[in-house]
Each structure stands twice: as structure tokens, then as C-alpha cells.
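The values are calculated or read from the model by the stated rules, or taken from the named source; none is laboratory data. Just so you know, these numbers come straight off a predicted model, no measurement behind them. A quick note on method: Cβ atoms are made from the backbone with ideal geometry, for glycine too, and the neighbour counts reach across all protein chains shown. The accessibility values were calculated without ligands, DNA or RNA, using every heavy atom of the protein model including side chains. Shrake-Rupley method; radii C 1.70, N 1.55, O 1.52, S 1.80 Å.
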Amino acid sequence: MLKIIIKHLVGSKANQTEFFEMPIQEISFGRDSVCEVVFDPVIDDLVSRLHCKISVQNDEEFLLTDSSSRNGTFLNNSRLQAPQILQAGDVVQLGKGGAEFVFDLDPRPTGNDRTTRLGNLPADFDLSRETRIDINAEQFFPNPFEVSEEPVFSSQPSGTIGRKTVERLIDQAETHSRKKLINIGAGLIAVILAVSGYFIYKSDQEKAEIQETLDATQLSQKRKLAELMANKALSSADIFKKYGNSTVFIEASWKLIDIPTGKQFFQRAICVSKHKGKCQEKRPAYRFVNGAVEPDLTLEAGYPVGGEFAGSGFVVNENGYILTNRHVAAGWQTQNRHFELPGALKICQNEGCEKYDLVTLPDDPNNKYVISLNNWIPSKSIYKSLHGKSVEGRNDYLDVTFPKTGLRIPAHLVRVSDSADVALIKIDTPQRLESVDMSANDLVSAGETITVMGYPGVSPDIAVKMDSKDPLNREGEWRQIPDPTVTGGNIGKVIEGSAKTVSDSVNGYFSEMGDVYQLTVNATGNGNSGGPVFNDKGHVIGIFSYGKTDQSGTAISFAVPIKHGQEIMGIHKLVQ
């Protein structure tokens, strides 16, 4: 039976022989696994995926066809332009310098002798690519980059080699040269990139240094501008634009509570005139005990002890904290002068006041008993004990309204100062509030320009009719719309509550008004209590508190230094 023999000469299959027994229609060659003869895809990189094929014609003829390969198919060193009939002994090459094999048959057909090959050549014979010579590739090109004009040959040839081998060696040398050129080119590119990267790095570094210098210059300019702005005197109009919305209107109502029972205290009513056993006239009762006059308190029905107050305040924290006066937010902790006179004065002869002399307390501000009564502080009633509390005040309502709004926001009392007319209250609001700037470090001196904001009662009210949209409460109501008043003035006098004496002859210091700033602000009054006092830097330096008028009608006003407000916003030790 006839066999097709494929003897591999060059490539990954060199020195291997493959047999294909007839009958067979076709033998395909390539790197694809579907081929009958599969070449190594890495080593045989000149071989196409489907390179060529041998077709059997009538079991006698064998037709070699190129399968549109990239590097071509060569038959006996000639590129295949069209299908060719193969003869036993023909050499097929898959790409110039690629895999190579000999086509043969077993048994060989008769009359199929190959053409005579050229034998050894004389030493002086002109060389050509068709001549078989003994050439060492490294001698032919000792250095791919320094090619001599004439090739160097071995002085003792060991035999002859074929033309294809010479061409293969030349191609390998050329490939080696190309690889070296590629490597050198890659090295040059790497050097160029490294140098370029270095210069780019230096350029970026210089740019960064320049930008850093510019940033430092801009920062210095911004600081200088900030210093100039900080030192710039602000007008009252500027301060109002900046902090007008931070000044709030406060309304409060309180009553006095007996802590053990939780009941409200009343002022006792005493009958001072009877007719036919029936009381004709009642008067509020006061009593004089331990050198002081105060209302005679009872838990029974009588005159309610409490009061209503309207004042001002200002936002000191974006979370809803507001500073105001103690006498605004906690009226039971300050002097209460809202008494009904004339009254019945019980001059107690013992601690329980079971025995007393009943006299009339006149409506006379110069009466010694009335003067004493005006100093009464409800929370410091004689019922108050040292440990715990038996008497305390409680707000029925404590509402905050922002400028030009009609919404009253409930507030609660947070802290009250023990030493100054200052209180801290808080409202709950989902939005962050705009707060004022406070400064206890700014030097305050007489003559300094100030701005006071608040809601003095003497200022005309603005009200709007609020229509109800609630189907369960359709009745509307009139509501006051607060609008803060701005009043300019000066620090008239700085009065310190305490001072260090510098003379041995002085052993005490007393301030009638405590620690306050006396102001030349008179175009305001009740209702402005608790409002902020700004300096010309826009910093709050004090809390407007109260006024004083002499018999001639001359009025002056006072403010509590802001340091007392900042103290109750923190926790401070009284002793070490």
C-alpha cells in the first residue's frame, strides 16, 4: 500500500518523520490544531494558522497548494504562485527561513529521479546563494553591526552545505541583527523617557515651588486684609445688617411654686374693715420679720405671686442657645417691685408670726418698709432653706420670636448666673442659626462707640392678622411682628464689681451697681433688657440690662459685661 512520507528538516519537528497511508484526500499544514500536520505556534512563528495543503489527485498525483499564507510556501526554494505537482524528494518550505520538510513516497514511483545537485566548488569559485558552501554563520557576520566587505571562511572546510542552509543562516543572522537593533532602540527610548521624566519632574517641582510661593503671598495678603477688616470700625447700620436676624424677642410668664407640694404660692389677703360681721375691705398682707419686708405667702386663695415680662436676647450658638437677662427668663430670681399698695403690714413679734401688730403699709416709695419691700427676691423668701429648695419659680411660657416673623418658638431655661443679671435659654430648631461674635478680650474703655439692639416697649408694635388654615381651629388671631431697634451711643463709664486696692489705707472696695458698663444710650428702655451691646468691631461686649432715673428725670442705662454670659456657657470652679 502506498504511503506519503513527510521528513521534517527544519523547525520544531526537525528530524521527525510522519507517515500517511493511502487512500487519503488531503494533508493540511499549519499551526491550527485542525491541521493534519501541526507546528509549534511559538517556535514556528513563520508558519500561518492554515499555511498549505497537499491534495491527492486520482491516487497518483499530489498537488501542493498555498492556503493564502502570510509568508508564502516555497517548493524547491521557489515561491509557489499556483498549485504545483509534487515529486518524491521535493523540498517544501513554509515561509522563507521557516519550517521545512521533504515530500516522499513509499514505494517510490519509477521514473521519478530528482535533477542533479551541484557538488563541491573550487576554493576560488565565485560564491552565490545557489552554491552549496561550507559557511559558519558567525564567521559570515562576526558582528552584525560591523559587516566586513568580504565574508570570512573557514580555512579547512569540513564538507558542503546546501543553498537553503546558507539562506537560513543569513536569515537567522538578519533576525539576530533586527533583535539587537530593537533592543538598542528600546534602550534608547527608555533613556529618552527617563531623561524626559527627569526634566518633567524638575519642571513640576519648580512649578510647585512657584505655586507655593504664590500661595504664601496670597495667604499673607488675605491675612493682612483680614487684619484690616478686623480693625475697620463698623457703623451701626453694618452691625444691624450682619446681626439683626440674631437678635430675638422674648416673652415670659412665671409663678412662684412650693416645691414640697407643687402648689402655687399666693399673697395672703387680710380683712381690714368689717360691717355686721362681714368683711368690707381686704388688703394684701405683708409682714416684717428679721429686718425685712416681704409678701405674706400662703397656699390658699389670695393674690397670685408671679409676673409677665417681655425682653430681648441674642443667638450665641448655631444650635439654638440664646443669652438674655436673668430678670427676663427667670423673673423669680430678681427684685420684684410689682406690689399692690396700700397693704396690711404684719410686724411679727416671733418667728412663726403668730402674734403681730397690724399697721398700714402706705403707697409711699420713701417709706422705710416700702424701700425694704422693693428689695425682695421671690426665690429668696424666708421659706427658702440652705439645702435643697422649698420655694422656686416656674415659667408658664418662655417664647422666642425672630425678627419680622410671627412664629413663637417655645424655649426652656438652661442656666442662670449666680452673680450677674444673665440667663441662658435654648430653643429647638431643625435649622442652624446665625450667631453673634462675642469677645471678652476686647478692651472696653469710656468713650468707646457702641451699638445696642433689642425690642424696647416704647417702640410702636407691628401686628398682622393670621388666618387659620386648620379646619379644627378656624379662628385667626393678631400677632405681634417684632422688628429690632438699633440705638447708637458710647460707653459712659466702666464700673468694676471688684478691684485690687493699691493703698494700705484702703481696705475695701464697693460698687453700688456691681460689675457693669454705664451707657449713654437713653433712646431705649423696658423690653430692650437682654439685648446685645456691640463695639465698633461687631463684637458683643455686653448685655443690656436695666436703667436708672433720678428725681429730675435724668436717665442712664447699664450693661452686664459679656464675660458673665460666657461664664454660664461653661463650667467654672469657684474655689481650688
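What to note about this one:
- Screening the range 508-521 for residues that are assigned to a loop (DSSP other than H, G, I, E, B) and at pLDDT 80 or above and picking the one that is nearest to Y455 (Cα to Cα) gives V521.
- The listed residue being in contact with a Ser or Thr (Cβ under 6 Å, 6 or more places away or on another chain), open to solvent by 30 Å² or more (accessible area, probe 1.4 Å) and at pLDDT 60 or above, out of R70, R163: R70
- Pair list, Cβ under 7 Å, 6 or more apart: the range 444-469 residue free of Cβ contacts under 8 Å to residues at least 24 places away in the same chain, other residue hydroxyl-bearing (S, T, Y) and assigned to a strand (DSSP E or B): none
- Qualifying residue in the range 1-20 (condition: under 19 Å from S69 (Cα atoms), of a type outside the set (V, I, T) and without any contact (Cβ under 8 Å) to a residue 24 or more places away in the chain): no
- Taking every residue in the range 92-118 that is at pLDDT 75 or above and pairing it with any residue that is among the polar types (S, T, N, Q), at least 6 positions away or on another chain, the pairs with Cβ-Cβ distances below 6 Å are G95/N71; E100/Q93.
- Meets criteria (open to solvent by 50 Å² or more (accessible area, probe 1.4 Å), over 15 Å from I347 (Cβ atoms) and out of contact with any strand residue (DSSP E or B) (no Cβ under 9 Å at 6 or more places or on another chain)) for K276: yes
- Segments classed as strands (runs of 3 or more DSSP E), wholly inside the range 288-361, with at least 2 members that are more than 27 Å from G525 (Cα to Cα) and in contact (Cβ under 8 Å) with a residue 12 or more places away in the chain: 292-295, 343-348, 356-361
- Every residue from the range 556-568 that is of a type in the set (A, V, I, L, M, F, W, C) and either at pLDDT 90 or above or open to solvent by less than 40 Å² (accessible area, probe 1.4 Å) (or both): F558, A559, V560, I562, I568
- Restricting the range 201-229 to residues that are open to solvent by less than 100 Å² (accessible area, probe 1.4 Å) and of a type in the set (V, I, T), the residue that is nearest to G538 (Cα to Cα): T217
- Some residue of the range 460-481 being buried (at least 18 other Cβ atoms within 10 Å of the Cβ) and either closer than 30 Å to V414 by Cβ or modelled with pLDDT of 75 or more (or both): no
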